[in-house]
Amino acid sequence: MEKISIVVPCYNEQEALPYFYEAINDVAKQMNDVDFEFLFINDGSKDQTLAVIKKLYKQDKRIRFISFSRNFGKEAAMYAGLQNAKGDYVAVMDADLQDPPSLLVTMYETLKNEDYDCVATKRTTRKGEPVIRSFFARLFYRIINKISKADIVDGARDYRLMNRKMVDGILAMSEYNRFSKGIFGWVGYNTKWLSYENIERVAGQTKWSFFKLMIYSFEGIIAFSTAPLAIASLFGVLFCLIAFVGILIVFIRHFIGVESAFGWASTISIVLFVSGIQLFSIGVLGQYLAKTYLETKKRPIYLVRESDEDIND
Ligand code: UDP
Ligand code: MG
């Protein structure tokens, strides 16, 4: 029998987990022609998440878990999940039931019967989301798709079922700064998209503030495009041109006898503006350097404090 691994990153999900388990269990019952493995990644939760997982683990042989030494973030949790999943197919699913487990049935059918390597999901609406947040989200997708090779789909969720080949492709990208939306797009493979309406989380709190999302989107751009560097160079060329024209004008005015000594305020404005652009460009350069610095350290993406393998029974 083929096996599907369900990877579930969990950070402070004590309220949502029991609902999640019930839902995924129902789906697994419907799909009785496949084996399942539920791999919970406890990403340094500060509540009783690990205890809840261990309780489920005692009830159900299909459950496995990995518990991190601290909070490493969802990206790290997904990587750990993909790395440790043993299934022929692997799905990544949020613990808050925003990713409806019932879609698994169609996903699996599609992968089995059609020429796809992955069935991914996106939400059709941003209902229930603050307006400003939606606006910036859309802007982000427009920009990053213009400047990057990775095909990053607006509204795409991390929820997807992939075959072994694609999972191995993703694992081969062992970078430290992980931006999954980009990684999924970058590896390619045939992906079928399912759409559904946005679903609010069943219990607990979202871990994303507006500020966190903004930082995340900048990281995405830096991880999958070098366009900002090119833009900084363009600024340089542009300002050289402007300076050249300015010098010409000054010379011509001098030779036709027009003297110009006015304009302290405009000079200061220009100096401030140009130094602003310079600092901005150095900042952009610094971001790439910082990411390179972190990559060269080759730090582990996550550290495990405890896993089901530690429990012998
Ligand atoms: N998550 C995680 N580590 C983190 C933050 C979130 O493993 O540092 C998990 C979280 O438990 C959930 C999923 O990632 O299963 C998505 O998180 P959340 O629901 O907060 O994000 P949203 O759905 O609001 O984008
Ligand atoms: Mg959520």
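The values are calculated or read from the model by the stated rules, or taken from the named source; none is laboratory data. Since the structure is predicted, the reported quantities are computational estimates derived from the model, not experimental observations. Positions of Cβ are generated from backbone atoms using ideal geometry, with glycine treated the same way; all protein chains shown enter the neighbour counts.
When the range 184-200 is limited to residues that are among the β-branched types (Val, Ile, Thr) and away from ligand 2 (no atom under 16 Å from the Cβ), the one that is surrounded by the fewest Cβ atoms within 10 Å (Cβ to Cβ) turns out to be Thr191.
Could you check, for the range 295-310, whether at least one of its residues is within 30 Å of Ala51 (Cα to Cα), modelled with pLDDT under 90 and hydroxyl-bearing (Ser, Thr, Tyr)? Scanning the range 295-310 turns up at least one residue that is within 30 Å of Ala51 (Cα to Cα), modelled with pLDDT under 90 and hydroxyl-bearing (Ser, Thr, Tyr). Of all residues in the range 40-51, none satisfies being in a loop (DSSP other than H, G, I, E, B), within 16 Å of ligand 2 (Cβ to nearest atom), on the phi < 0 side of the Ramachandran plot and modelled with pLDDT under 90. Within the range 201-234, the set of residues being loosely packed, with under 15 Cβ neighbours inside 10 Å, away from ligand 2 (no atom under 13 Å from the Cβ) and not in a helix (DSSP H, G or I) comprises Ser209, Thr226.
Entry remark, the range 254-307: residues being within 27 Å of the chain's Cα centre (by Cα) and part of a helix (DSSP H, G or I) number 18 in total.
Residues in the range 150-183 that are of a type in the set (Lys, Arg) and modelled with pLDDT of 90 or more were compared, and the one that is nearest to Tyr89 (Cα to Cα) is Arg164. Being away from ligand 1 (no atom under 14 Å from the Cβ), at pLDDT below 85 and either farther than 27 Å from Pro300 by Cβ or assigned to a loop (DSSP other than H, G, I, E, B) (or both) is a property that Ala243 lacks.
In the range 122-144, the qualifying residues are those that are of a type in the set (S, T, N, Q) and touching a Gly at 6+ places or on another chain (Cβ under 9 Å), and the one that is modelled with the highest pLDDT is Thr124. Counted as qualifying within the range 61-162 are the helices (runs of 4 or more DSSP H) with 1 or more residues that are away from ligand 2 (no atom under 16 Å from the Cβ), surrounded by 15 or more Cβ atoms within 10 Å (Cβ to Cβ) and free of Cβ contacts under 8 Å to residues at least 12 places away in the same chain, namely 131-147. Considering only the range 45-73, state which residues are among the β-branched types (Val, Ile, Thr) and within 20 Å of Gln83 (Cα to Cα). Matches in the range 45-73: Ile53, Ile63, Ile66.
Within the range 163-173, the set of residues being surrounded by 12 or more Cβ atoms within 10 Å (Cβ to Cβ) and small (Gly, Ala, Ser) comprises just one member, Gly169.
Counting the residues of the range 277-307 that are surrounded by 15 or more Cβ atoms within 10 Å (Cβ to Cβ), among the polar types (S, T, N, Q) and free of Cβ contacts under 8 Å to residues at least 60 places away in the same chain gives 1. Screening Asp94 on (1) modelled with pLDDT of 95 or more; (2) within 13 Å of ligand 1 (Cβ to nearest atom) shows it passes everything except condition (1).
Are any of the residues in the range 1-11 modelled with pLDDT of 90 or more, surrounded by 22 or more Cβ atoms within 10 Å (Cβ to Cβ) and among the aromatic types (Phe, Trp, Tyr)? Taking every residue of the range 1-11 in turn, none turns out to be modelled with pLDDT of 90 or more, surrounded by 22 or more Cβ atoms within 10 Å (Cβ to Cβ) and among the aromatic types (Phe, Trp, Tyr). Picking from residues in the range 171-205 that are among the charged types (D, E, K, R) and within 16 Å of ligand 1 (Cβ to nearest atom), the one that is nearest to Thr125 (Cα to Cα) is Glu197.
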